[in-house]
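All remarks here apply to the structure that follows.
The values are calculated or read from the model by the stated rules, or taken from the named source; none is laboratory data. Keep in mind the model is a prediction, meaning the values are calculated, not measured. So basically every Cβ, Gly included, is an ideal-geometry build from the backbone, and we count neighbours across all protein chains shown.
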Amino acid sequence: MTTLSKTLSKTVQKKVSLHIGILRRLFPFLTFNSFCTVTNAFVFSNLDYCLPVWGCRPKIELDNIQYNITKFIASYFYSSKVLNKCLTLKNKKSKSIIKMYLNSTLEYNLIEKCNFLTTNERLTYYSLIQLYKMLKTDNGTLFSNVFSFKSSTSVTRNANNFTIIRHQSEAFKRSINYRLIKLWNDMPQDIQNTNVSLTKFKFTISQYIVGKRKDKFCYD
């Protein structure tokens, strides 16, 4: 799985970088709506490819992908000489400064304006959809050795939570099984519902993910 996720991660990063480079040449001809459309079609479509599988890569890889995407979005909106100079600086010290800036206030403003999800948000979104589909088609048999609900004699707020397998390594925390269980357990109980349609579930978790931005955007 590690080899597969590493291979997929490299492939996705190359395709995302390739399409970002091509789309930059089209900036003078793109309206805002057109920019959002082609970004979803050519950048995020590649980023989302098998994301729940290769998303177990170290956090720094996902952060680097998001940094490149944020640079791309910023370069569409801000064409001033100052920003362009910052974005092309080779000096490590200057690059770290602009990276910190892009990953904070500027990134949040641009993401909100374009109605995009960040890389980590997309990982959460597609991972939960994948788990929903697994639970919906499983009927409690196929994945029973991986996902098991906590046993309880009374109805509690954690009644729909899965049992987390005991572990000691950090590598296990990045595994697909652990991530799916952790994401599911962290959701409010009213969202942990597989009896709704897929369309309804997608809408609910998208609202849940975007809603979590309030704390992050205000306090990061």
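If you go through the stretch 157-197 and pick out every residue that is out of contact with any helix residue (DSSP H, G or I) (no Cβ under 7 Å at 6 or more places or on another chain), at pLDDT 70 or above and not in a loop (DSSP other than H, G, I, E, B), you end up with 5. Only one of the numbered conditions (1) aliphatic (A, V, I, L, M); (2) modelled with pLDDT of 90 or more; (3) within 22 Å of Glu112 (Cα to Cα) is violated by Ile22, and that is (3). Taking the numbered list (1) assigned to a helix (DSSP H, G or I); (2) at pLDDT below 60; (3) small (Gly, Ala, Ser) in turn, Ser154 passes all entries but (1).
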